[in-house]
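Step one of this worksheet: look at the structure below.
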Amino acid sequence: MPQITVTTRSGEKHVLEAAVNQTLMEVIRDSSIDGMDAICGGCCSCATCHIYVDPDFVDQLPPVSEDEEILLDGSNHRKPEVSRLSCQIRVSDSLNGLVLQIAPED
Ligand code: FES
């Protein structure tokens, strides 16, 4: 099972086991970590699942869709290259070891 290291807004690090094909949002939301509201449930309409992905993994992620782009653009905390919506990324074996940080709340 791929492992993902998540840093919370308060700086705590958690290593989570992630099932292949779950979204990163689901992995975080279903853990004991606070701070992932995911209000829309993964429909790509709220941006409350905003994360920063370790730059080493950016190339392994699916491209940003038009809807994701619009939502990320509306965030005051968007960072070039590393900002993503965690509900738009599915876990795969190639993401084993992924490191990410939950972005500040807008
Ligand atoms: S959970 Fe709403 S956009 Fe990701």
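Worth a mention:
- Pair list, Cβ under 8 Å, 6 or more apart: region 77-90 residue more than 12 Å from the ligand (Cβ to nearest atom), other residue among the acidic types (Asp, Glu) and in a loop (DSSP other than H, G, I, E, B): His77/Asp106; Val82/Asp54
- Taken over region 33-69, the residue count meeting the criterion of being touching a Ser or Thr at 6+ places or on another chain (Cβ under 8 Å), of a type outside the set (A, V, I, L, M, F, W, C) and crowded, with 19+ Cβ neighbours inside 10 Å is 2.
- Look at (1) touching a Gly at 6+ places or on another chain (Cβ under 9 Å); (2) more than 10 Å from the ligand (Cβ to nearest atom); (3) assigned to a helix (DSSP H, G or I) and you find that Ile70 fails only one, number (1).
- With respect to (1) part of a loop (DSSP other than H, G, I, E, B); (2) closer than 20 Å to Asp106 by Cβ, the lone exception for Met1 is condition (2).
- Residue that is surrounded by the most Cβ atoms within 10 Å (Cβ to Cβ) [pool: residues in region 79-91 that are touching a helix residue (DSSP H, G or I) at 6+ places or on another chain (Cβ under 8 Å) and outside any strand (DSSP E or B)]: Cys87
- Residues being within 14 Å of the ligand (Cβ to nearest atom) and surrounded by 15 or more Cβ atoms within 10 Å (Cβ to Cβ) - total across region 92-106: 3
- Considering only residues in region 5-59 that are β-branched (Val, Ile, Thr) and part of a helix (DSSP H, G or I), the one that is farthest from the ligand (Cβ to nearest atom) turns out to be Val58.
- Evaluated against (1) assigned to a loop (DSSP other than H, G, I, E, B); (2) away from the ligand (no atom under 16 Å from the Cβ); (3) out of contact with any strand residue (DSSP E or B) (no Cβ under 7 Å at 6 or more places or on another chain), Pro62 falls short on exactly one condition, (2).
Here, each number is a calculation from the coordinates, and none is a lab measurement. Bear in mind that the values here come from a model prediction, so they are computed numbers and not experimental data. FYI the Cβ positions are ideal-geometry reconstructions off the backbone, even for glycines, and counts take in every protein chain you see.
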